[in-house]
Structures are given as structure tokens and as C-alpha cells.
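The values are calculated or read from the model by the stated rules, or taken from the named source; none is laboratory data. Computed from a predicted structure; not experimentally measured. So basically every Cβ, Gly included, is an ideal-geometry build from the backbone, and we count neighbours across all protein chains shown. Areas reflect the complete protein model, heavy atoms only, side chains present, ligands, DNA and RNA absent. Shrake-Rupley method; radii C 1.70, N 1.55, O 1.52, S 1.80 Å.
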Amino acid sequence: MSVVTRFAPSPTGRLHVGNIRTALHNFLFAKKHGGNFILRIDDTDRERSTAEFDAAIRDDLDWLGLKPDRMVRQSERFDLYEREFERLKSAGRVYACYETPEELELRRKVLLGRGLPPVYERKDPNEPPPQGRAPHWRFRLDHDEPIVWNDLIRGEQRFDPKLLSDPVVRREDGSWLYLLPSVIDDVDLGITHIVRGEDHVSNSATQIQMFEALGAKPPEFAHEALLVAAEGKLSKRLGSYGAEHLREEGVEPMALLSLLARIGTSQPVEPVTSLAELARDFDFAHFGRAPAHFDPHDVELLNARLLHKLDYAAVAERLPKGATEEDWLLLRPNLERLDDFAPWFEVLHGDIDPPELGHDERLVARDAATTAERIDWAGEPWRTLTDELKRETGKKGRELFHPLRLALTGRESGPEMAGIVSRMGKDRAVRRLEAAARR
């Protein structure tokens, strides 16, 4: 059996880390098994769905590298839903209901007050419908057998259908709710595995009967523990933390994906440079039942570790014009974002503003300029320069190195000075030391 998974976002907002994680796991599982990953845009909500969010979702997935093998939109599939709905109606598996939301809520409170489960009570099918009221439609659950499946993460799941309400699948105005169109799509698209959050477990129980009512074998299910903020429940702030924010911050997509692939599992979280590598090690057997705790700071740490692993070829097209492999290898260990490279590239090969030094620091810069002019730059100029200055001035430690770093780079900290000084060359180093001494 060829594996086919799907990611089904609604175009009512941007992708955040929770649904990016769902998309990633569907993608990795499909790719590990040589299967297909489908993007299904669930845009049946005409009022809230927008073309802008539709485009943004596709753009974000493309930036993340989660490119679907096929894309469909539910808004283009209404004829299919209508046809299958009529088939279920003819078979008696969907039926008309006429209660108002107020009537349903009142009955729910009565049942709860009696200590009974608030399950929808079916009406006598021979009872005449109320005048002037359009029906909504429910799927009739079969109460004869328990609903049982072996979840790839949660193990055996068992539901008593008598304790589940017949779900509403279509509203009075003819618009669709999520459950039935999703099943119709999954059958039509040949979905073999549904990977989603554990908040959908009860939905899966009712949908299994929908698959069977349509004459289809249900897919396999993997319900993963929900993503939560490090401090507790997924917050609104974290709910808005997604691809758009990361792109603005200059974070590498693989830093986020490396984290989302492994948190909540028994596997170590570490920077991985390719989706192919993540897919190779992906296995639902590693997933735990406890909530997966997400901390944005972990993405930042992984981003730096990831950059420190990347070869020049992986970033060359994104570096400033003229940047060489030697530049990349020199600056790479000090980067937290790739955007940090350009300012340091200017330090190596461009111009900087002379820093403001104290009186004693300017004297160090003056002596350093004189010494730098006469030493041999063919070997290890930084070591030679500092050894000479120690001997000539008696200065050492911060008293010597701090003004030199400031004068040569304009920065308080950064990469090892030996590599920086060698790369910038004698002429540039002397000019900067002289300029700092004069300021």
C-alpha cells in the first residue's frame, strides 16, 4: 500500500507552530514511506476564508520546504459532497433535525441535571416537521458495535457509540460542517493515514462509521499529544508564532522543523540540515502521550547550532556578493542568524566607523598601529602583534585586548581575532588602528 497523507488547514489565518507541526509530521511520514503528501485547503467557511490566507499558507509551506505532491480545495468539490450526501440520505444514514440551538442547550442542561450524558436524543422519524423551519442534518451512528481502532500513537481506542451524539454534518442553510466533507475527501483522495492532534480522537470515532457507511476502509490514525507553551497551555502569543514571524526574525526553516519533529518524542532534539534526514528517522513509536512543550528560545538556540553545521554551498547564494568559503568558515561559529554574517563581512572587507576610545585606549591603538606597520604579516600577525605590544608596553589582558578589538572591529565581542586580523590584512588593520588613535 502506498502511503498518502494530508494536511488540511482552513484559510482563516496564518500557519502557527501547532499546525506547522501537524503538516511536518504528515509530510515526514509520507516521505519516509515513499508516499504522497496532499495539501487540502478546507475553505468551506465562505465568510472567514480568504484568498490572501490561502496564498499565505501555500507560501509558508513552500518556505518551510513542505511542498505538497497535490493540492485540492474543498470549495471546488461541492458536487462530490452533494452526491455522497444524497447516497447517505437514501441509505438512512443522514436525517433531518429541526431543533433550535436554544432547544438543544435546554435539553442538554436537563440531561446533565439528571446525571445523564448530554447525548442527542433522536426524534420519532414519523413525527411531522415543524412548519416554516429548515432542517439541519445529522449522521446516524450505528449503536450495535463499539468503535475500536489501534491508534499509531495512543494504542487501542474504544468508544461506545451510544455515548456519542449523532453529529451535525450540514447546517440549515445547506453549508457543510467539517466531519463529513473531510471523510468524503479522504475516500476520494485515497488517504491512508490521518495524522492530527489528540483533540480529534472523538471525531475519529464518528468518522470511522462515516467511512464504513460510504463503503470505504477507514485510514489508520495517529493522534499526537498537543503542543503547549513551555509554561502551560498553548497561549495566544504562541498561537501566532509561526512562519511569518520566523521569516521576519531571520530564522532558518530547518531550525524550527528540527525542533517540531522531535519534541514530544524519545528522540534527541538536535539541528538537522535536511527534511530527508528527518524523514529517515521519523517513527510514531517514538511519540509519547505527554504534551509536547514548545519554547521559542529553543528555536533560537537550534538556529545557531544549525548555522554552525552548514557548509558554504548551502548558504552561498544568500551571502553578500564576494563572500568566499574562507569568510564563511571564519564567521560561521559566531553566527546566531544568517543576517549576522553581512555586518561581519563588512568588518573583514569594508569600512567601519572608528570607535570612541578612552585616552589610555587610544594610546594602545597608536602603539598598535606603529607595531602593525613593521611586523611580518606572513605568519600569525595577531599573535605577533600582541606579543610585541605586551613586551613594549607591559599591558596585557583586557587592558590590551579590549581596545585592540574595538579599534579593529568596532565590536565588544565576536569571532577569534587571529582569523579576523589575518583576513582583513595589514593595510586595513593599520588604517583602523590609526583612525581609532586619532578619534
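What are the residue pairs meeting all of these: first residue in the stretch 66-78, first residue at negative phi, second residue open to solvent by 50 Å² or more (accessible area, probe 1.4 Å), Cβ atoms under 6 Å, and 6 or more apart or on different chains?
These pairs meet every condition: D69/N36.
Residues that are modelled with pLDDT under 95, of a type in the set (G, A, S) and within 19 Å of R14 (Cβ to Cβ): does the stretch 244-257 have at least one?
Checked the stretch 244-257: at least one residue is modelled with pLDDT under 95, of a type in the set (G, A, S) and within 19 Å of R14 (Cβ to Cβ).
I want to confirm something. Restricting to the stretch 324-359 and keeping residues that are without any contact (Cβ under 8 Å) to a residue 24 or more places away in the chain, acidic (D, E) and open to solvent by 60 Å² or more (accessible area, probe 1.4 Å), which single residue is nearest to R428 (Cα to Cα)?
Only one residue tops the list, namely D351.
Filter the stretch 429-438 down to the residues that are without any contact (Cβ under 8 Å) to a residue 60 or more places away in the chain and buried (at least 17 other Cβ atoms within 10 Å of the Cβ) and list them by number.
If the condition is that a residue be without any contact (Cβ under 8 Å) to a residue 60 or more places away in the chain and buried (at least 17 other Cβ atoms within 10 Å of the Cβ), then A429 is the only one that fits.
Among the residues of the stretch 44-65, are any touching a strand residue (DSSP E or B) at 6+ places or on another chain (Cβ under 6 Å) and either open to solvent by 60 Å² or more (accessible area, probe 1.4 Å) or among the aliphatic types (A, V, I, L, M) (or both)?
No, every residue in the stretch 44-65 fails to be touching a strand residue (DSSP E or B) at 6+ places or on another chain (Cβ under 6 Å) and either open to solvent by 60 Å² or more (accessible area, probe 1.4 Å) or among the aliphatic types (A, V, I, L, M) (or both).
Would a scan of the stretch 299-312 turn up a residue that is in contact with a Phe, Trp or Tyr (Cβ under 8 Å, 6 or more places away or on another chain), farther than 16 Å from R247 by Cα, open to solvent by less than 20 Å² (accessible area, probe 1.4 Å) and modelled with pLDDT of 95 or more?
no
Somewhere in the stretch 157-169, is a residue assigned to a strand (DSSP E or B), open to solvent by 30 Å² or more (accessible area, probe 1.4 Å) and within 19 Å of F85 (Cα to Cα)?
There is at least one residue in the stretch 157-169 that is assigned to a strand (DSSP E or B), open to solvent by 30 Å² or more (accessible area, probe 1.4 Å) and within 19 Å of F85 (Cα to Cα).
Does any residue in the stretch 30-43 that is assigned to a helix (DSSP H, G or I) come within less than 8 Å, Cβ to Cβ, of a residue that is open to solvent by less than 20 Å² (accessible area, probe 1.4 Å) and among the hydroxyl-bearing types (S, T, Y) six or more places away or on a different chain, and which pairs are these?
A30/T5
Residues being in contact (Cβ under 8 Å) with a residue 60 or more places away in the chain and either outside any helix (DSSP H, G or I) or in contact with a Ser or Thr (Cβ under 8 Å, 6 or more places away or on another chain) (or both): count how many of those fall in the stretch 404-428.
Total satisfying the criteria: 5.
Do we have any residue at all in the stretch 198-218 that's open to solvent by less than 10 Å² (accessible area, probe 1.4 Å), modelled with pLDDT of 95 or more, assigned to a strand (DSSP E or B) and at negative phi?
No, there is no match, as no residue in the stretch 198-218 is open to solvent by less than 10 Å² (accessible area, probe 1.4 Å), modelled with pLDDT of 95 or more, assigned to a strand (DSSP E or B) and at negative phi.
Residue by residue, here is whether (1) over 38 Å from the mean Cα position of the chain (by Cα); (2) among the charged types (D, E, K, R) holds:
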| residue | (1), (2) |
| --- | --- |
| E121 | yes, yes |
| E127 | yes, yes |
| G132 | yes, no |
| W137 | no, no |
| D142 | yes, yes |
| R154 | no, yes |
| P161 | no, no |
| W176 | no, no |
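Return yes when A261 is under 13 Å from I20 (Cα atoms) and either at pLDDT 85 or above or in contact with a Ser or Thr (Cβ under 9 Å, 6 or more places away or on another chain) (or both) and no when it is not.
Yes, satisfied.
Give the residues of the stretch 108-127 that are basic (K, R), out of contact with any Pro (no Cβ under 7 Å at 6 or more places or on another chain) and closer than 22 Å to F159 by Cβ, sorted by residue number.
The answer is R122, and nothing else.
Write out, first by first residue and then by second, each pair whose Cβ atoms fall under 8 Å of each other, whose residues are 6+ apart or on separate chains, and whose first residue, in the stretch 267-283, is open to solvent by 50 Å² or more (accessible area, probe 1.4 Å) while the second is in a loop (DSSP other than H, G, I, E, B).
Partner pairs satisfying both residue conditions: V269/I263; T273/K309; T273/L310; D281/Q267.
Of all residues in the stretch 219-234, how many are open to solvent by 10 Å² or more (accessible area, probe 1.4 Å), among the charged types (D, E, K, R) and modelled with pLDDT of 95 or more?
The number of residues fulfilling the criteria is 1.
Got a number for residues in the stretch 89-146 being closer than 21 Å to A205 by Cα, aliphatic (A, V, I, L, M) and open to solvent by 70 Å² or more (accessible area, probe 1.4 Å)?
2
Considering each residue of the stretch 64-112, count those that are assigned to a strand (DSSP E or B) and either under 31 Å from the mean Cα position of the chain (by Cα) or among the small types (G, A, S) (or both), and give that number.
5
Are any residues in the stretch 346-403 in a helix (DSSP H, G or I) and either at positive phi or hydroxyl-bearing (S, T, Y) (or both), and if so, which ones?
Correct list: T370, T371, T384, T386, T393.
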